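Report on the structure given below.
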Amino acid sequence: QVQLVESGGGLAQAGGSLRLSCAASGSIFSVNTMGWYRQAPGKQRELVASITIPRFTSSGSTNYADSVKGRFTISRDNAENTVTLQMNSLKPEDTGVYFCYADSDGTIVLPPGRAWGQGTQVTVSS
């Protein structure tokens, strides 16, 4: 099993910045992708950003929701098994609960699946 611990949520003013981090532990060898979803009140959960986690190389790829392109950046720290979401030029519409996730390939002893963090609140005031 993979465990995810999130940090960095809070309150920011419009135009400000926040930095979210997600640290993975446990059965992390088979993790292939990590990223962030968010859910605003009364709206469906949406994928914000993701990054691939290559097993044997340092290369990878990222993708972003159209609403955050040019403002948010997702990155990874291989040594710490941590994914970071840098959020700049924040808007009130960015308000919501942000959830980290990790997708894992199946192994001999574990099935494939998705792990979720507990969620962290991000509030942007105008």
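We did not get these values from a lab; they are worked out from the coordinates using the rules stated. In this text, all values refer to a predicted model and were calculated from it rather than measured experimentally. Methodologically, a virtual Cβ is constructed for each residue, glycine included, from the backbone with ideal geometry; neighbour enumeration extends over all protein chains shown.
Over the stretch 60-126, the fraction of Cα-Cα pairs per 10 Å bin, rounded to whole percents and listed from the shortest bin up, is 16, 43, 30, 10, 2, 0. Measuring max minus min along each principal axis, the C-alpha atoms of the stretch 29-79 give extents of 40, 24, 15 Å (largest first). Each other residue within a Cβ distance under 13 Å of Ser125 adds +1 if Lys or Arg and -1 if Asp or Glu, for a net charge of -1.
What's the longest piece of the chain with no exposed chymotrypsin sites (Phe, Trp or Tyr not before Pro), counting a site as exposed if DSSP puts it in a loop and it has at most 14 other beta carbons within 10 Å? Result, exposed sites excluded: 57-126. Local charge for Thr84 was computed over the other residues whose Cβ lies under 14 Å away, with Lys and Arg +1 and Asp and Glu -1, and equals -1.
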